[in-house]
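So the structure is just underneath, and the comments pick up after that.
No value in this document is a laboratory result; all are computed from the given coordinates. All values derive from a computational prediction rather than experimental measurement. Here Cβ is always computed from backbone atoms with ideal geometry, including for glycine, and neighbour counts include all displayed protein chains.
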Amino acid sequence: MRMIDTVAWVCLSEGRVLGTRTRGRELFYIPGGKRRSGESDTDTLFREVREEVAVDLLPGTVEHFGTYEADADGHGAGVLVRMACYTAEHRGTPVASAEIEEVRWLEYADRDLTAPVDRAVFDDLKAAGRLV
């Protein structure tokens, strides 16, 4: 079993969660990405969010939301993804940047448009009354 270690930013607004779709992909992902060697969760989070949606997270506002595991989308059998999720306030307006083709505010009804690991986050947000 192989594990892909990632970090993600759960950004909520008016009962919706920010989703990103990479060029050439069909599914949406919560913004974030893979950790580089020696990076902490927050280092990865700040770098990936800046690269993907062109906003800066405010350091004193970062809070762990949860850590999730599921089959890794597009990697075949035996590959899991572990996604440490954080909330944080930000400066700027999220826009598609780098490899991101589309940014969209997603509701619970959009759950099936997301990667398997993201669906678990959607379920927890819905159960907590934070996602419409």
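GNM on the chain, C-alpha springs below 10 Å: top fluctuator among 116, 59, 94?
59
Around residue 55, under 15 Å between beta carbons, what's the net of Lys plus Arg minus Asp minus Glu among the other residues?
Summing Lys/Arg as +1 and Asp/Glu as -1 gives -2.
Could you size up the charge dipole of the chain around its Cα centre, putting +1 on the beta carbon of Lys and Arg and -1 on that of Asp and Glu, and report it in debye to the nearest 20?
The calculated dipole for the chain is roughly 100 debye.
Over the chain, what is the relative contact order in percent, taking alpha-carbon pairs closer than 8 angstrom and at least six residues apart?
Contact order relative to length: 33 percent.
As a test, work out the antiparallel percent of DSSP beta bridges whose residues both lie in the chain, rounded to the nearest 5.
Values: 22 of 31 bridges.
Just about 70 percent of them are antiparallel.
Measuring from centroid to centroid over Cα atoms, what is the spacing of segment 82-132 and segment 1-33 in Å?
6 Å
Can you put 75, 90 in order of Cβ neighbours within 10 angstrom, beginning with the fewest?
75, 90
Dividing the alpha-carbon radius of gyration of the chain by 2.2 N^0.38 Å (N being the number of residues), what value is obtained?
0.97
Under a 10 Å cutoff between Cα atoms, tell me which one of 67, 93, 42 has the largest fluctuation in the Gaussian network model of the chain.
Comparing 67, 93, 42 in the GNM, the peak value goes to 93.
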